[in-house]
Amino acid sequence: MAIVFEMWAECSTQAACAALMAHFSGLELNLLTGRTVSWAACAEGDAPAMTAWSSDLSRRGVRTLQDALEATECGIRLHHHLRVGPDFRFARIAWEASLVSAADLGEYVTQQPSGRPRLDLQCVLDDALYRQLGSPEGYVLFRDGYWWQRYLGERYLPLLGNDQSQLNDLCRALLPEYFGGP
């Protein structure tokens, strides 16, 4: 099963979705490493929603430090491209970003002791959706008419990675229960 780094976006109309899809389809990002990452975009069913993804990135999530660095750089560059793109309602850039839709956002809202809502999800909301969710604290202006919780990048966990065999062997020897041993 593939784990894909992607951008999921929902729009108010099919025309807006087609414009956003055209904005991301064929996008090429030149990374700091010299690699070029090409992006494709497609509509998602009958809803005005789209996904952009690249087959040039890991299809297994973050398994190496390089996976985390490349996905993070792509996340930064995709947010910049989104900032100058056509209108949308909701966008999220993450591993398996399409698993959370705008309709699901209410499930991620918690009330803070201050009484203000908190949406602990890195995403971009249009002004109407931001206000519908109660103007969650921690969100700042992304561009005119849009709010976001700033993108923090992707996490690399060395003990769960594929590129740290000596470290994993040491952990198995000293803490055998860590990986489900005795």
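Just so it is clear, none of the values below were taken in a lab; they were calculated from the coordinates. Note that the coordinates shown come from a computational prediction; the quantities given were computed from them, not determined experimentally. Every residue, glycine as well, gets a Cβ built from its backbone with ideal geometry; the counts of neighbours run over all protein chains shown.
Which value, in debye to the nearest 20, gives the size of the charge dipole of the stretch 5-155 about its Cα centre, when Lys and Arg are +1 and Asp and Glu are -1 at the Cβ? Mind showing how you got there, number by number?
On the way: 14 positive and 19 negative charges, 72 e Å.
Value, rounded to 20: 340 debye.
For the chain, a Gaussian network of Cα nodes joined below 10 Å ranks Tyr108, Tyr151, Tyr130 by mean-square fluctuation, and the top entry is Tyr108. Evaluated at 25 °C with a viscosity of 0.890 mPa s, what Stokes-Einstein diffusion coefficient in µm²/s does the stretch 33-100 have when Rh comes from the Kirkwood expression over alpha-carbon pairs? Reported coefficient: 186 µm²/s.
Look at the dipole of the chain built from charges on Cβ: of Gln112, Cys17, Cys123, the Cα furthest out on the positive end belongs to Gln112.
On full extension, the segment bounded by Leu170 and Ala103 gains 19.7 nm, given 0.36 nm per residue less the C-alpha separation.
All C-alpha to C-alpha distances of the stretch 66-107, sorted into 10 Å bins beginning at zero, yield P(r) values of 24, 47, 27, 2 percent in whole numbers.
Using only DSSP helix segments of four residues or longer, with each worth -39500 (n - 2.57), what per-residue ellipticity at 222 nm results for the chain after dividing by its residue count and rounding to 500? Walk me through the numbers before you get to the answer.
Numbers: 4 runs with 46 residues, N = 182.
That calculation yields -8000 deg cm²/dmol at 222 nm.
Within the listed set Cys74, Cys42, Cys123, the residue fluctuating most in the Gaussian network model of the chain (springs between alpha-carbon atoms under 10 angstrom) is Cys42. Judged by the gyration tensor of its Cα atoms, with axes a ≥ b ≥ c, the stretch 99-182 is prolate; a/c meets the 1.5 cut and a/b is the larger of a/b and b/c.
Label sites at Asn162 and Asp127, each approximated as a point 7 angstrom past Cα along Cα to Cβ, lie 4.6 nm apart. Using θ = phi - 60° in the Karplus curve 6.51 cos²θ - 1.76 cosθ + 1.60, the 3J(HN,Hα) couplings for the stretch 15-26 round to 5, 5, 5, 4, 5, 5, 4, 5, 5, 9, 5, x Hz; x is entered for Gly and Pro. Between Arg155 and Arg35, the modelled label-to-label distance comes to 2.2 nm, taking each label 7 Å out from Cα in the direction of the beta carbon. Shape of the stretch 5-155 from the C-alpha gyration tensor: oblate (a/c of 1.5 or more and a/b not above b/c, with a ≥ b ≥ c the square roots of its eigenvalues). For the residues Leu31, Leu170, Leu119, a GNM of the chain with alpha-carbon springs under 10 Å puts the largest fluctuation on Leu170. Cβ distances below 4.7 Å define possible disulfide partners, and in the chain the cysteines left without one are Cys42, Cys74, Cys123, Cys171.
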